[in-house]
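The values are calculated or read from the model by the stated rules, or taken from the named source; none is laboratory data. Since the structure is predicted, the reported quantities are computational estimates derived from the model, not experimental observations. Using ideal geometry, Cβ is built from the backbone for each residue, glycine included, and neighbour counts are taken over all protein chains shown. Ligands, DNA and RNA are excluded from the accessible area calculation, which covers all protein heavy atoms including side chains. Shrake-Rupley method; radii C 1.70, N 1.55, O 1.52, S 1.80 Å.
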Amino acid sequence: MKKNNKVNDTAIKLEYVLEKFPVSMKLRDGTSATLRPLSRKDEKALHKFFLSVPEEERLFIKKSILDRAMFHEWLRHPDAEESLMLLMFHGRKIIGKATLRQRPGGWKRHVGSVTVLTHPEYRGRDVAKILVTEQIEIARALGLRKLEAELNGERKVAIRALQDIGFQQLMHQEDYVLDMKAVTHDYLLMGMDLKVDEEYAGVGE
Ligand SMILES: CC(C)(COP(=O)(O)OP(=O)(O)OC[C@H]1O[C@@H](n2cnc3c(N)ncnc32)[C@H](O)[C@@H]1OP(=O)(O)O)[C@@H](O)C(=O)NCCC(=O)NCCS
């Protein structure tokens, strides 16, 4: 029952929070960009975007993006309440994405997790910072109290970018995770506390 309450509550807050999209902006170098949540019609563009990412970065994406049927199935049922993907576009091309995940119940129902990926040709123009900052605002508005990000310890640019935004290192475990080729990498958990607007406090209580 509590779980359903949180799901309904999140759905209502999401509708309100997502009202402002699409949002247009200029990147650091003047590139025009638009930000909006994923929709079903983005399948082709999103697939193309994932394929543009170097393989060593793709190794950590949990879904098999090379399996087109699975990818199609995944996108047929986007569930923004559990996994909200924000996309940044330059024209019709996807140049970055950040996903905010949250749990419908349980002891980490107040903790969101965020992942971010930028198209290799658009790096260093603030795409990731804009996307993650936007997701922080959304997480706050949804009443989440903490945000975490799991990383491969080798992702130095990502680690620094997240630190700049306000994340701190919570855990560093050597040789803890395996990539798709069964090579081990350090595991890093970063996190930040969210100051929650009183109006939104009380996730699933
Ligand atoms: C990490 C990642 C998302 C950063 O994306 P981005 O859009 O280039 O980042 P931003 O432009 O918002 O800025 C991040 C900072 O890193 C810097 N940066 C970006 N690419 C860099 C590079 N190759 N070398 C050094 N610094 C770099 C930017 O200049 C910026 O720093 P600044 O504000 O002090 O100038 C991107 O490199 C990526 O997709 N990496 C692979 C996936 C990954 O590691 N994701 C994180 C897991 S959650």
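Of note:
- Breaking point among (1) at pLDDT below 85; (2) aromatic (Phe, Trp, Tyr); (3) closer than 29 Å to LYS13 by Cβ, for PHE49: (1)
- Every listed requirement among (1) on the phi > 0 side of the Ramachandran plot; (2) modelled with pLDDT of 95 or more is met by GLY106 save one, (2).
- Enumeration of residues in region 147-175 that are under 23 Å from LYS129 (Cβ atoms), away from the ligand (no atom under 11 Å from the Cβ) and open to solvent by 100 Å² or more (accessible area, probe 1.4 Å): GLN168, GLN169, LEU170
- Checking each residue in region 117-137 for being crowded, with 20+ Cβ neighbours inside 10 Å and closer than 23 Å to THR10 by Cβ picks out LEU131, VAL132, GLN135, ILE136.
- Among (1) touching a helix residue (DSSP H, G or I) at 6+ places or on another chain (Cβ under 6 Å); (2) at pLDDT 90 or above - the single one SER64 does not satisfy: (2)
- Taken over region 81-119, residues that are more than 9 Å from the ligand (Cβ to nearest atom), under 11 Å from the mean Cα position of the chain (by Cα) and of a type in the set (A, V, I, L, M) amount to 5.
Each row is one residue, and each column tells you yes or no for (1) within 28 Å of ASP29 (Cβ to Cβ); (2) out of contact with any helix residue (DSSP H, G or I) (no Cβ under 8 Å at 6 or more places or on another chain); (3) without any contact (Cβ under 8 Å) to a residue 12 or more places away in the chain.
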{"residue": "ARG101", "(1), (2), (3)": "no, yes, no"}
{"residue": "GLY112", "(1), (2), (3)": "no, no, no"}
{"residue": "GLU121", "(1), (2), (3)": "yes, no, no"}
{"residue": "ILE136", "(1), (2), (3)": "yes, no, no"}
{"residue": "ALA141", "(1), (2), (3)": "no, no, no"}
{"residue": "GLU148", "(1), (2), (3)": "no, yes, no"}
{"residue": "LEU151", "(1), (2), (3)": "yes, no, no"}
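- Complete set of residues in region 62-95 that are open to solvent by 80 Å² or more (accessible area, probe 1.4 Å), part of a loop (DSSP other than H, G, I, E, B), over 23 Å from GLU150 (Cα atoms) and among the charged types (D, E, K, R): ARG92
- Region 181-190, residues that are open to solvent by 40 Å² or more (accessible area, probe 1.4 Å) and hydrophobic (A, V, I, L, M, F, W, C): ALA182, VAL183
- Yes/no for LEU178 being loosely packed, with under 15 Cβ neighbours inside 10 Å, modelled with pLDDT of 95 or more, over 17 Å from GLU137 (Cα atoms) and aliphatic (A, V, I, L, M): no
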